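Here's the structure, in structure tokens; my notes come after.
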Amino acid sequence: MKNYIQAEEWNIIEEGFDPHLNKISESIFSLGNGRMGQRANFEETYTGDSLQGNYVAGVYYPDKTRVGWWKNGYPEYFAKVLNAAEWMGLELKLDGEVVDLNLCKVGEFKRVLNMKEGYLERTFTAELLSGKQIKVIAKRFFSIADDEIAALHYQFVALNFSGELTLTSFIDGDVKNQDSNYDEKFWDELNRIQDGNGSYLTMRTKKTAFDVITGLKTIVLNNGEKIALTAGTEIKDKYLAEAATFSITAGETVDIYKFATNLSSQNFESSALQEEAVKAVNAAAAKGFDVLLSEQAAAWATKWEEGDIIIEGDVAAQQAIRFNIFQLNQTYTGKDARLNIGPKGFTGEKYGGSTYWDTEAYCIPFYLSTAPQEVSRNLLVYRYKHLEKAIENAEKLGFSNGAALYPMVTMNGEECHNEWEITFEEIHRNGAIAFAIFNYIRYTGDSGYLKEYGLEVLIGIARFWKQRVNWSIDKKQYVMLGVTGPNEYENNINNNWYTSTLAQWCLQYAVEAAGIVKAGDVERYSEIVAKTALKEEEEFADWTAIAENIYLPYSEEHGVFLQQDGYLDKEQVLVSDLPASSRPLNQKWSWDRILRSCFIKQADVLQGMYFFEDNYDMESLRRNFDFYESRTVHESSLSPCVHSILAAKLNDGKRAYEFYLRTSRLDLDDYNNDTEDGLHITSMAGTWMSIVEGFAGMRVRDNQLAFTPFLPEEWTSFSFNIGFRGVQLKVKINKEAISIINNTKDVLDINIFNKSYDIPEGETVISYKGQLV
Ligand code: BGC
């Protein structure tokens, strides 16, 4: 754990330069706008330790799978979001000496991520080996107002010398992915143009043939006077530069502006890329940096209006939750149903940048409440578009009749994960995808989604479960063998309670959803029946029979659902018995030892109780929570949030808060020593859930928004902005009361501590005793 980020409500601040922390900071200070993003690499040359990262959403390379022992059904490749061309690069030479913070004496150094307005600012002073002293103020951002644009203003002051500055502004496409399986470079240069007005480098990804143009316009002013740049100063592969050499005098300021775009053939005809890039870059330059930045601030103001959380009395917590919200909004804006949320977003290469079950299980609730409805809808449509691939994927494994198995990891619908115990066995992801459809409709009321897209997906998933179970003559029940639950610390187990419970629910929900569509639109229903070749009577009867008679292991002795058949055969020890030197287990123990132990990586039974909480009484929840949490090491970032929400439900505010702390500053304080690889974007949605579903107890039941709030002792109050079915609300919770501000004219019926209230426009305050104040 580190503790070098200064707490401030709206800003993430690093002061002083420590090269050992640089890769961590490069992750933390990352920028993005849903379409592209970047780690916080320095603009000027840096020869110290760094992970270069520029990413364009949806542009990937199918890196050929590398495994020890090939198994039928393995995917051919692992899709990787690519490290793309660097556009903000600058080389500064002072009388021939390169400015490189690795070689200078760095004086004042400060990085600030301004989350309110959405930009990164870095200031430093440095003394070069020659004794020349300089000062730099660099500001940059990826516009969310115009997601084709990124901009930089780099201001350079010669403090104590006069001399010659050679400045090179470049696009460098000769980049690699650090995690490439065969040490290959993934891009070929296609085209380069320098029209005297800007530089344009088009590159094509190998195999996938995505064309991406990086366009750049650089404007340099010396003390306000424009300096002409010469193009093509250095001829290198996949590299385009413009440069100028001029004299500077002590005290003079050089302003460098860079306006960049990254456009891909996903969104434009390849033949139009050049023209579009010229248009985008020139329009941005014509507006100028300050106007673009004010548009950015306005766009972020809207985002905060829709989804801010305010915590009073705890600055570190305030900063952390804003950081989580900020990063989620930088990663996914929901405009394009072909894009999704990689566990690392635009902040690193790990996890390949693809989609996991994290999206449905963790991220959907955040976007449902804090973004326009089409944002979460697009996340669902993403899976609808992959339905055919999910059916093919299941066929590869031997399933038939339209059974769909969604991939564990994907970019375009094809499976990328190639560890058999996860690829073939961690099939609970199918359940999360179905649950997200239910969750979306429960929140938005948009049941029309079922007939448009949802039902087809549910049919494919139900068919999968139908074929994945088998009848046990011994148990006289349906069993599900050879699975891995969310707890990846045991594999190839039988009857994982969570997976089987989800399967049961999916089978029931598919039948129910079919009924809803049929009742609402017979014609569309017939179309779906024809398209999916659904044998209604027979298949519904099968699904229902399985749901009614699926084996769900239970321990009478402990009064808990059993994580899997063999769980109690394991030596039962508690996490509190583990010496600190054994943790984290995944770094200290052999895999063999982990698999045979009873220790649990992340919420498993409890994940199911979280999804279907209304099916279980508090006593049952308490028993399961006490039993499983004491065996859980929380070595997935996705774990603490579910525990926080359940602890809150169990009225254990203290523990709810403890779990919350583990998720909220996970990256800012580098809890797991892995922030340098990139941020844990998907678990950030879990942090949001811990506050809204945990502390505020927000739920939607029977079309009604409900709250059972409590205030963590450490806070004076907290409040959050959400949208619910067209109504924009601000919910504030303090020691005595909950206040709801309805920002629309519609009266909303809200349940607070199990009592319904009409909430008209304006503020309504209800005390914890249930009285209107
Ligand atoms: C977790 C998975 C998760 C993945 C990506 C793993 O460590 O166990 O549940 O999907 O990380 O976040």
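Points worth noting:
- So residue 767, is it touching an Asp or Glu at 6+ places or on another chain (Cβ under 7 Å), among the small types (Gly, Ala, Ser), modelled with pLDDT of 95 or more and surrounded by fewer than 19 Cβ atoms within 10 Å (Cβ to Cβ): no
- Any hit, region 331-338, residues being modelled with pLDDT of 95 or more and not in a loop (DSSP other than H, G, I, E, B): yes
- Residue in region 436-458 that is under 29 Å from residue 600 (Cβ atoms), within 15 Å of the ligand (Cβ to nearest atom) and either among the aliphatic types (A, V, I, L, M) or at pLDDT 95 or above (or both) present: yes
- Condition check for residue 155: polar (S, T, N, Q), assigned to a strand (DSSP E or B) and touching a residue at least 40 places away in the same chain (Cβ under 8 Å): yes
- Test result for residue 400, in a helix (DSSP H, G or I) and either away from the ligand (no atom under 13 Å from the Cβ) or of a type in the set (Phe, Trp, Tyr) (or both): no
- Within region 368-383, the set of residues being crowded, with 24+ Cβ neighbours inside 10 Å and free of Cβ contacts under 8 Å to residues at least 60 places away in the same chain comprises just one member, 379.
- All positions within region 538-567 that are outside any strand (DSSP E or B) and hydroxyl-bearing (Ser, Thr, Tyr): 544, 551, 567
One line per residue, one yes/no per condition, for (1) among the β-branched types (Val, Ile, Thr); (2) surrounded by 20 or more Cβ atoms within 10 Å (Cβ to Cβ); (3) over 18 Å from residue 490 (Cβ atoms):
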residue	(1), (2), (3)
581	no, no, yes
592	no, no, no
599	no, yes, no
612	no, no, yes
619	no, no, yes
626	no, no, yes
632	yes, yes, no
651	no, no, yes
660	no, yes, yes
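- Close pairs (6 angstrom Cβ cut-off, 6 or more residues apart or separate chains): without any contact (Cβ under 8 Å) to a residue 40 or more places away in the chain in region 665-694, within 14 Å of the ligand (Cβ to nearest atom) and outside any helix (DSSP H, G or I) anywhere: 666/637; 666/680
- Residue within region 497-508 that is touching an Asp or Glu at 6+ places or on another chain (Cβ under 7 Å), within 29 Å of residue 601 (Cα to Cα) and part of a loop (DSSP other than H, G, I, E, B) present: no
- Scanning region 298-307 for residues that are buried (at least 16 other Cβ atoms within 10 Å of the Cβ) and of a type in the set (A, V, I, L, M, F, W, C) gives 299, 300, 304.
- Restricting region 239-294 to residues that are exposed (fewer than 15 other Cβ atoms within 10 Å of the Cβ) and in contact with a Ser or Thr (Cβ under 6 Å, 6 or more places away or on another chain), the residue that is farthest from residue 194 (Cα to Cα) is 250.
- Some residue of region 599-622 being touching a strand residue (DSSP E or B) at 6+ places or on another chain (Cβ under 6 Å), closer than 21 Å to residue 432 by Cα and within 12 Å of the ligand (Cβ to nearest atom): yes
- Boolean, residue 424 is surrounded by fewer than 24 Cβ atoms within 10 Å (Cβ to Cβ) and within 16 Å of the ligand (Cβ to nearest atom): yes
- Residue check for residue 553: over 22 Å from residue 688 (Cα atoms) and either surrounded by 14 or more Cβ atoms within 10 Å (Cβ to Cβ) or within 14 Å of the ligand (Cβ to nearest atom) (or both): yes
- In region 45-75, the qualifying residues are those that are surrounded by fewer than 21 Cβ atoms within 10 Å (Cβ to Cβ) and outside any loop (DSSP other than H, G, I, E, B), and the one that is nearest to the chain's Cα centre (by Cα) is 62.
- Of the strands (runs of 3 or more DSSP E) that lie entirely inside region 662-757, those containing 3 or more residues that are among the aliphatic types (A, V, I, L, M) and surrounded by 18 or more Cβ atoms within 10 Å (Cβ to Cβ) span 727-734, 737-742, 748-752.
- So residue 361, is it in contact with a Lys or Arg (Cβ under 7 Å, 6 or more places away or on another chain) and among the aliphatic types (A, V, I, L, M): no
- Of the criteria (1) of a type outside the set (S, T, N, Q); (2) buried (at least 22 other Cβ atoms within 10 Å of the Cβ); (3) within 15 Å of the ligand (Cβ to nearest atom); (4) over 11 Å from the mean Cα position of the chain (by Cα), which one residue 328 fails: (4)
- Residues in region 512-540 that are closer than 17 Å to residue 460 by Cβ and free of Cβ contacts under 8 Å to residues at least 40 places away in the same chain: 512, 527, 529, 530, 535, 536, 538, 540.
- Among residues that are away from the ligand (no atom under 16 Å from the Cβ), at pLDDT 95 or above and under 20 Å from residue 308 (Cβ atoms), residue 705 is included.
- Hey, residue 158 more than 17 Å from residue 89 (Cβ to Cβ), out of contact with any strand residue (DSSP E or B) (no Cβ under 8 Å at 6 or more places or on another chain) and among the small types (Gly, Ala, Ser) or not: no
- Residues of region 345-363 that turn out to be modelled with pLDDT of 95 or more, in a loop (DSSP other than H, G, I, E, B) and within 11 Å of the ligand (Cβ to nearest atom), as a count: 2
- Qualifying residue in region 629-643 (condition: under 27 Å from residue 562 (Cβ atoms), away from the ligand (no atom under 16 Å from the Cβ) and acidic (Asp, Glu)): yes
- Which numbered condition residue 491 fails, given (1) touching a residue at least 40 places away in the same chain (Cβ under 8 Å); (2) surrounded by fewer than 24 Cβ atoms within 10 Å (Cβ to Cβ); (3) more than 16 Å from the ligand (Cβ to nearest atom): (3)
- Condition check for residue 417: modelled with pLDDT under 95, in contact with a strand residue (DSSP E or B) (Cβ under 8 Å, 6 or more places away or on another chain) and either within 16 Å of the ligand (Cβ to nearest atom) or farther than 18 Å from residue 534 by Cα (or both): yes
- In the set 442, 463, only one residue is assigned to a helix (DSSP H, G or I) and surrounded by fewer than 20 Cβ atoms within 10 Å (Cβ to Cβ); that residue is 442.
- Screening residue 286 on (1) within 30 Å of residue 416 (Cα to Cα); (2) free of Cβ contacts under 8 Å to residues at least 60 places away in the same chain shows it passes everything except condition (1).
The values are calculated or read from the model by the stated rules, or taken from the named source; none is laboratory data. Since we're looking at a predicted model, the values are computed, not measured. Here Cβ is always computed from backbone atoms with ideal geometry, including for glycine, and neighbour counts include all displayed protein chains.
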